[in-house]
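Below you'll find the structure, written out as structure tokens, and then a few comments.
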Amino acid sequence: MKILIVDDEPLILKGLVKIVEEVAPVGSDIGSAFNVPEALETMKRFMPDVTITDIQMPEKNGFDLIQEARLEGLCDRFIILTGYDEFDYVRQALRSGVVDYLLKPLDKKEIAELLNRVKEELPAASDSEYSRHAERILAYLQTNYMNDLSLDHLADRMGLHPNYISSLFKKETGDTFVNYLNSLRIREAQKLLKSQPQLTVDAISRQVGFDTKHYFAKVFKKYSGTTPGAYREIREEEGRTE
């Protein structure tokens, strides 16, 4: 099991890592980060099964981390560990669907039981099972990329846990679910821009699964290095000179 611990206090973070190393299930891999941006970057490489995070941190807080990590498909299970026993925080944590809300100082027995419970909920799979799941998921995306897809939707459709799918994507494609889906959609958009000159950019954006033309253009430029309109003009010019 991969566990990420996030806290902006260096000494506290060091102590938390030491405690979790002592009580985590055998074979667990433990990472750490000092703030939300660092945590998100670490998640992209580490793909944790569960993240233990403080709430109060500079710039962005623990709830921001939960929201952004889930949006990017980087982690789905979170344990909040904070020194604040405030009703508003507890209520927000419940709304965020966290695994649990713990108070500092960290109780070894409590976190040990919690981590073991999380591990029991994580499906184990052999390499052959992993490959079969990957093949089924990638095939589904290939034929449904134009629909409104999310990690939770995919998990429900496949009967798998979102975090398992995140790990699977990282292993099989080297990328996150969101990046893989966007890349697939942009490749299909490029084909349409080249082969369907009668279609507007707005129509193509909807056809490949984007809600708005503006967001489509933003993602297209990120993956292609240019705007959809410029891409079409370049390809048309190439066609005239061949």
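The values are calculated or read from the model by the stated rules, or taken from the named source; none is laboratory data. Keep in mind that what you see is a predicted model, and the values were worked out from it rather than measured. Virtual Cβ from ideal backbone geometry, glycine too; neighbours counted across all protein chains shown. Surface accessibility is based on the protein's heavy atoms, side chains included, excluding ligands, DNA and RNA. Shrake-Rupley method; radii C 1.70, N 1.55, O 1.52, S 1.80 Å.
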For this session: For the chain, report the accessible area per residue in Å² (1.4 Å probe, heavy atoms, rounded to an integer).
Result: 54 Å²
Exercise. Which percent of the accessible heavy-atom area of the stretch 129-242 goes to carbon and sulfur, probe 1.4 angstrom?
Worked result: 47 percent
Problem set entry | Dipole of the chain, positive direction: furthest Cα of I55, G15, P37, with charges on the beta-carbon | P37
Seminar exercise, completed: Filtering GluC sites (Glu not before Pro) in the stretch 7-61 by DSSP loop and by at most 11 other Cβ atoms within 10 Å leaves E59
For this session: Under 20 Å between C-alpha atoms is the cut-off here; go through the stretch 81-203 and count lysine pairs that meet it, provided they're at least eight residues apart or on different chains.
Result: 4
For this session: Pull out a ≥ b ≥ c, the square roots of the eigenvalues of the alpha-carbon gyration tensor of the stretch 191-242, then state rounded if a/c is under 1.5, prolate if not and a/b is larger than b/c, and oblate in the remaining case.
Result: oblate
